[in-house]
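Quick notes on the structure that follows.
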Amino acid sequence: MKVVKTIKLYIGGAFVRTESGRSYSFNVAGKDTQFARLCQASKKDFRNAVESSKGAFKSWSSKSAYNRSQILYRMAEMTEGKRHEFESLFMDSLGKTEGEAKEMVDKAIDTFVYYAGFCDKFHQIAGSINPVSGPFHNFTHIEGVGVTTLIEDDKFDFNSLIDSICSILTGGNSVIVLLGEGCPAVLGPLAEVMATSDVPGGVINILSGHLDELSEVIAEHREVRSVSFQSTRDDVFQAMKLKSTDNMKRMVPRHKNEKCLENILSFVEYKTVWHPVGY
Amino acid sequence: MTKKKTTKKAAKKAAKKTTGKTTKKATKKTAAKSVRKTTKKAVSVKAKKFVFDYDPAPESTAIVNIKSRYEHFINGEFVAPESGKYMSTINPATTEVLSKVAVGNEKDVDKAVKAARKALNGTWGQMSGAERGKYLFRIARILQERAREFAVLETLDGGKPIKESRDVDIPLAAAHFFYYAGWADKIEYAVPGREAKPVGVCGQIIPWNFPLLMAAWKLAPALAAGNTVVLKPAEQTSLTALLLAEVLQEAELPAGVVNIVTGAGETGAALTAHSDVDKIAFTGSTDIGKIIAKAISGTNKKLTLELGGKSANIIYEDAALDQAVEGVINGIFFNQGHVCCAGSRVLVEESIADTFMKKLKKRMQQLRVGDPMDKNTDIGAINSKEQLDKIKELVAKGKTEGGEFHEADVKIPSKGYFCRPSFFAHQSASGTISRVEVFGPVLSIQTFRTPDEAITKANDTNYGLAAGIWSEKGSKIHKTALGLKAGVIWANTYNKFDPTSPFGGFFESGYGREGGLQGLLPYLEVK
Amino acid sequence: MATVSLKVPGGNKITIPHYPIDMIGADERAGTFTTRSIKKQSKLDALYLAIEMTDLTTLGGDDTPGKVEQLCGKAINPVPPQYLEELRRLVPEKDLRPIPSVAAVCVYPEQVPVAVRCLEGTGINIASVATAFPAGQLPLDIKLRDVKRAVKFGATEIDMVIDRGAFLRGDYQKVFDEIVAVKEACGEDVHLKVILETGELKTYDNVRLASWMAMEAGADFIKTSTGKVQPAATMPVTLIMLQAIQDFYEQTGKKIGMKPAGGIRTAKQAIHYLVMVNETLGSDWLDPHMFRFGASTLLNDLLRQIFKQYSGQYFYDDIFSLD
C-alpha cells in the first residue's frame, strides 16, 4: 500500500503543521484516490507567516542586488535538481504527459534564470536621476514595498506561479504564497527548493489553504503591504480591495505577461532623494 | 470690494504712524552729529534705535477681472449647471465673497464624461503624440505669459502669500506642462520594450492648497499620455482652474479633452461613481482618499492617490544649523502649513535641541503674517474658516497634553482667517500634535539620541509621504534615507518640487507618483 | 575642517568649534531678503540710514590729495546745496529731511593727513587700510609699522587684511596672532575692522571660521573684502558673517560690527542688505556704529533715490557724481 504523505506548511524557513490540525486531500488526476494530504492553514498560521516575513523583508531588502541575483539563480539550480519530482507530481496529480510536465519545469527554470538576471538591473531601467532645475542632485531609487502575499488558486499554472514569486523577490520583497484549493501539491518540492537555495528563512513562506477562509485576514493585515492576486475570482479580489482600503494596501491584479519588468515594478515604491550641490 | 479698501487704508495709516515716529527720531540724531570719532562701542547711543518696519507693499489686483459668476467648462464651452445652483467662493484674507461658482451634479458630470469619451475616441485619440505635445507646449507658454494674473487670482481665492503664488505655484504649473509636453511623442521610451496606450477617461479631483499647481500636476501627464479628463477643483478654490479653462480655449485645445466641473464633495462622488470613468486620480486628505478607494472597489477603475502625511524632519547634531532652521521654517510654514508633505514633526538630536529651539524661536519672530497680497507677507490666510477651526481645535487639544507650547509673538490681522506660527516641544510621541496631520502652521518637536532612534521615530506613523534629513555627513544621510519609509526625502533642504522629480508616498500617503517619468506611468496602460 | 585650537595671549587655549554651512541653503536664505519690497516711508528711512552707514572709499593707485579733498567734501555734504534748494522748490509741501554726512572716508595711510585736514570738526571718521593692503603679503613688523603710522597720522579706524595664504595653508595661529598684534597697535581709541577677503577664502565654511577667529582676536568689525578681488561682498557671504556675529554675541555678550565692502553699487542692493541685517541681527545693528557699507558709487544712487522718493522725478545722474 502507498503511503500518502501530509505536506507541511513552510513558514520562517521551517516545515510545520498547521496549528489548527486540519488537512484536506488532493486526488490523483481523474481518480478518486488521494495523491497527498495538504495542511489547511488557519488565520493564525497566516499571521505567523507575516511575523516571520516582516523580519525577513529587512534582511532580504538590505542584501546586495548581486546577492539576491545569485540566490534566484540557485533556485533555478535546485529546481533542476528536483526536476523528476516536479515532473511526476504534474503527471500524477494533474494528468500531464511526460512532455508537458517536462516543458512546465523547463519554463519555470527559465523564469528563475530570467529574474535572477534582473535583480541588479531593473533599478537602472526604472530608477532615474532627475534633472531638476536648481542646484540639487536628485535621484529616484527603487525599494520593495514590503511583505507581499501572493494568492494562487484556480487556473494553476506552474510557470505563472514561479513568475509571480520571482517578480516579488526580485523587487526586494518577502512573500507569503497562499496556494488555494485549486493548486496541486506543489508546495512540497517547491518549499524544498526554497529551503535549499540560500534564501533566508521567512523571505518565502508557502501556505496551503482555502482562499475564502483567509482572504479577509490577508486584506486586513496592516503589515501586508501588497497582494498579488493571481486567482481569477474577481469577486474575492473586489472584496479584498474594499477590505484593504483602510490600510491602503497595494492590490495588484493578475499579471498580463510573464517575464517582464512591469511585474517587478508592481511591487516597488519609488523613493526620490534631493540633496543640494555646493561647497 | 469696498470693504477691502477700507482695511487696506487703515493698515496704511497705522504703518505711517509708526514709521513717522522713527523718522523724527532719526532726523534728530543725524542732522549734525553723524558718527562721533570717539565712539568705540555703540552701546552709548542705543536710545535711538532704528525700527525698520516695512510699509505695505500690496500687489495690484487690477490685472484680474473676476467674473460675478463662473460656469462649468464642458466640451470646450462654459455651461450653466443643470441644477441652476451656485456656491460662493470667498477671499479668506478678508472673508468677502469673490464670486459664485457652479455646483455640479450627476447630470453635469455625465455631460462632462461623455464629452471626454467623445474626445478620446475622436480628435484627441486620433492625434499624433507630436501634435498633442504641441498643445501642451502652447498651454505652458500661455500660462507663463499670464502668470501674474494667475498669481493674483490664486492669492485672492486661496489666501496664500502672493510671493508664493508668484514664485512657486504658477511657474511650477507652467513648468509641468512644459515637461510633460515633451513626453507626448516619446511614450515608447517610457515603457521600454513594450507598447502602451492611454488609460482612457480620467476623473481628477484636486485640493485647495495648491489649486492651479495640482491641476497642472494632474492634467499635464494625463494629456501627454493621450487621456482625456474631467477635473473637479476644490470648492474653496475653483477660480484658477476656471481661468485655466480660458487658457485651454485660447490654446484651441480640442473640445472635450479637458472638462472642468466645479462643486463640493457630492460632485466629486458623482465623478468617482460614474461608470464610464477609467481612472480616478485624487489629491487630498487620507480620509477622503479612503472613501474614494472604497467607492471604486468593485470596479476595475485605476486609482492614484496623493494623500496626507506627518513627515519627519530629522536634524542631526552635525547639521548646518542655520540652514536647518531655515529648512524647518520652510518645511512647516510654507503655504501656512497647508502642505501634504509639510515637515510637521521635527526630530532633533538631543545634544543640540536647546540651541536649535533658541534659533528657531528667533527666526519665527521674523515671519510676517498678514495680507496675502502684500509682497512681504510670509504667512498668508488660512484657507477657510473650517480649516482655521480645525487648527485651533487641535492646538487647544495639544495644549492640554503638557509639554512646551511656543507661539511667535507677531501681529495678525483682526479680520480674515489668520493663525500665528507655533510649535509644541517636549511632548510625548503619542501626543495629538505629533501624530495628527494639522495642515496648518503648527510644528511638533521631539528629540532623539541615535540615528537608529531617529529612523524608528520618523517611521512611527501610518503615513509615508516625505522626510527631511539634516547632516553634513554624507554616509549618514544615505543610510538614514534608506531607512526612512517615505516617497520623497529632502536631505539638507525641504519642500522642493520639480516636474522632473517624482512625488508621492508609501503606505497611507497614497499610491503612485506624480512628476517625472514615474509620474507618466499611472496614465499609461501597457499592452 | 575640524575644530580649530588657538593659543591666546596669556598662554590659554581656545577652541573654535566646526560650524558647517550648507552653501545652497545659505544662498537661498540670502535670496529671500532680495524679494522684500520696501516702499514709501520705510524706503526713505532706509536710504538715509544707508548714507549714514557709508564708508566713502577711494583706494586707487592714482589717489592724490586733490582727489581725497573732493571725496571729503562729498562726505560732509553729499549733495551740493543748490540741488537741495531745487528739490525744496519742487516739493514745498514736504518736510525735507537734511541729507546726513557719511560715516567715514576710507583711504590709504598716505592720504590720511589730507583727510584729517579736510574733515576736522565734522565728526566723520577716517578709516585707513593698513597692514600691506590689499594682499597682506609682508612681514608682520612692516604691517604693524603701517598701522601705527596711519594711527599717528590721525586715522580713527583701521581696516586690516588677514593673511589669506596662512589661512588657506592651515596656519590659523598666524592669522590669529596678527589680528591680535594689529589690535594692540591700534590702541584703545581706534576701531579695528578685519577684512577677511572672502573672495579668496572661497567656501562659506572658511568665511565662518575666519569670522570667528577675527572676533576672538579682538576685531570691532568684520569686513568682507578689499574691493580688489572678485567676488567682493555678496549677500550670502554677509549673511554667514552676520550669523557668526549673532552666535558670538549669544556666547560672549560682545556685539561686533559688520562691513560688506565692494560690489554694492545701488540703493536697491543697500536696502536688501539692511533688510538682511534687520531680519538676522535686528535693530541693534541698524546703526552706523554696528554696520557700514564700504562703497564709492553707492552714495550717488542713494541720493538719486532719495530725490526720487521726494519728488517722483529722476534727476540728472551728473549732479551727484561730484567726488
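List of remarks:
- Residue within the stretch C:21-32 that is surrounded by fewer than 16 Cβ atoms within 10 Å (Cβ to Cβ) and either under 30 Å from B:N492 (Cβ atoms) or without any contact (Cβ under 8 Å) to a residue 40 or more places away in the chain (or both) present: yes
- The stretch C:188-198, residues that are facing another protein chain (nearest Cβ under 8 Å) and either in contact (Cβ under 8 Å) with a residue 12 or more places away in the chain or under 20 Å from C:Q230 (Cβ atoms) (or both): C:D189, C:H191
- Selected residue (criterion: nearest to C:Q111 (Cα to Cα)) from residues of the stretch C:157-211 that are basic (K, R) and out of contact with any Lys or Arg (no Cβ under 6 Å at 6 or more places or on another chain): C:K183
- Scanning the stretch B:433-466 for residues that are farther than 24 Å from B:I477 by Cβ, buried (at least 20 other Cβ atoms within 10 Å of the Cβ) and touching a Lys or Arg at 6+ places or on another chain (Cβ under 7 Å) yields one hit, B:E437.
- Flag for B:P207 being free of Cβ contacts under 8 Å to residues at least 40 places away in the same chain and under 24 Å from B:P161 (Cα atoms): no
- Some residue of the stretch A:81-89 being in a loop (DSSP other than H, G, I, E, B) and either farther than 28 Å from A:Q124 by Cα or in contact with a Lys or Arg (Cβ under 7 Å, 6 or more places away or on another chain) (or both): yes
- Selection within the stretch B:487-510 - more than 7 Å from chain A (Cβ to nearest Cβ), more than 14 Å from A:T140 (Cα to Cα) and among the aromatic types (F, W, Y): B:Y494
- The residues of the stretch A:235-251 that are facing chain B (nearest Cβ under 8 Å) and either at positive phi or basic (K, R) (or both), listed by number, are A:K241, A:M248, A:R250.
- Residue list for the stretch A:95-129, restricted to those being surrounded by fewer than 22 Cβ atoms within 10 Å (Cβ to Cβ), over 20 Å from A:K58 (Cα atoms) and either within 12 Å of chain B (Cβ to nearest Cβ) or aromatic (F, W, Y) (or both): A:Y114, A:K121, A:Q124, A:I125, A:A126, A:G127, A:S128, A:I129
- All told, B:K496 meets the bar of being surrounded by fewer than 21 Cβ atoms within 10 Å (Cβ to Cβ), basic (K, R) and in contact with a strand residue (DSSP E or B) (Cβ under 6 Å, 6 or more places away or on another chain).
- Of all residues in the stretch B:235-265, those satisfying the criterion of being within 22 Å of B:Y180 (Cβ to Cβ) and under 21 Å from the mean Cα position of the chain (by Cα) are B:T240, B:A241, B:L242, B:L243, B:L244, B:A245, B:I260.
Per-residue answers, yes or no, for (1) among the aromatic types (F, W, Y); (2) within 14 Å of chain A (Cβ to nearest Cβ); (3) in a loop (DSSP other than H, G, I, E, B); (4) in contact with a Leu (Cβ under 8 Å, 6 or more places away or on another chain):
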position	(1), (2), (3), (4)
C:A2	no, no, yes, no
C:S5	no, no, no, no
C:Y19	yes, no, yes, yes
C:S37	no, no, yes, no
C:Q41	no, no, no, no
C:L49	no, no, no, yes
C:L59	no, no, yes, no
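- Residue within the stretch B:297-316 that is among the aliphatic types (A, V, I, L, M), within 14 Å of chain C (Cβ to nearest Cβ) and not in a loop (DSSP other than H, G, I, E, B) present: yes
- Strands (runs of 3 or more DSSP E) wholly inside the stretch A:172-264 containing at least 1 residues that are surrounded by 24 or more Cβ atoms within 10 Å (Cβ to Cβ) and of a type outside the set (K, R): A:175-179, A:204-208, A:226-229
- Residue within the stretch C:98-108 that is exposed (fewer than 15 other Cβ atoms within 10 Å of the Cβ) and at pLDDT below 95 present: yes
- Only a single item in (1) modelled with pLDDT under 95; (2) within 14 Å of another protein chain (Cβ to nearest Cβ) is not met by B:G403, and it is number (2).
- Reported count of residues in the stretch B:472-527, each being part of a strand (DSSP E or B), within 19 Å of the chain's Cα centre (by Cα) and small (G, A, S), is 1.
- Looking across the stretch A:257-269, just one residue is touching an Asp or Glu at 6+ places or on another chain (Cβ under 8 Å) and either on the phi > 0 side of the Ramachandran plot or among the hydroxyl-bearing types (S, T, Y) (or both), and that is A:K259.
- Taken together, the residues in the stretch B:153-199 that are touching a strand residue (DSSP E or B) at 6+ places or on another chain (Cβ under 9 Å), closer than 12 Å to B:L521 by Cα and of a type in the set (A, V, I, L, M, F, W, C) amount to 5.
- Qualifying residue in the stretch B:461-479 (condition: in contact with an Asp or Glu (Cβ under 6 Å, 6 or more places away or on another chain) and hydrophobic (A, V, I, L, M, F, W, C)): no
- Apart from one condition, B:Q323 fits all of (1) surrounded by fewer than 23 Cβ atoms within 10 Å (Cβ to Cβ); (2) of a type outside the set (A, V, I, L, M); (3) within 14 Å of chain C (Cβ to nearest Cβ); the exception is (1).
- Condition check for A:D153: in contact with a Leu (Cβ under 6 Å, 6 or more places away or on another chain), surrounded by fewer than 22 Cβ atoms within 10 Å (Cβ to Cβ) and at pLDDT below 95: yes
- When residues of the stretch A:267-279 are limited to those that are more than 12 Å from B:G512 (Cβ to Cβ), touching a helix residue (DSSP H, G or I) at 6+ places or on another chain (Cβ under 7 Å) and away from chain C (no Cβ under 14 Å), the one surrounded by the fewest Cβ atoms within 10 Å (Cβ to Cβ): A:V273
- Pairing each residue of the stretch C:42-59 that is within 15 Å of C:I76 (Cα to Cα) with any residue that is among the hydroxyl-bearing types (S, T, Y) and surrounded by fewer than 24 Cβ atoms within 10 Å (Cβ to Cβ), provided the two are 6+ apart or on different chains, yields C-beta distances under 6 Å for C:E52/B:T30; C:T57/C:S296.
- Tally, over the stretch B:384-427, of residues that are out of contact with any strand residue (DSSP E or B) (no Cβ under 9 Å at 6 or more places or on another chain) and either under 30 Å from C:K40 (Cβ atoms) or β-branched (V, I, T) (or both): 6
- Matching residues, the stretch A:240-252, being in contact with a Ser or Thr (Cβ under 9 Å, 6 or more places away or on another chain) and either under 25 Å from A:Y24 (Cα atoms) or not aliphatic (A, V, I, L, M) (or both): A:M240, A:K241, A:K243, A:S244, A:T245, A:K249, A:R250
- Residue in the stretch B:335-342 that is in contact with a strand residue (DSSP E or B) (Cβ under 7 Å, 6 or more places away or on another chain) and surrounded by fewer than 24 Cβ atoms within 10 Å (Cβ to Cβ) present: no
The values are calculated or read from the model by the stated rules, or taken from the named source; none is laboratory data. Please read these numbers as outputs of a predicted model, since none were measured by experiment. We place every Cβ from the backbone using ideal geometry, glycine too, and count neighbours over all the protein chains shown.
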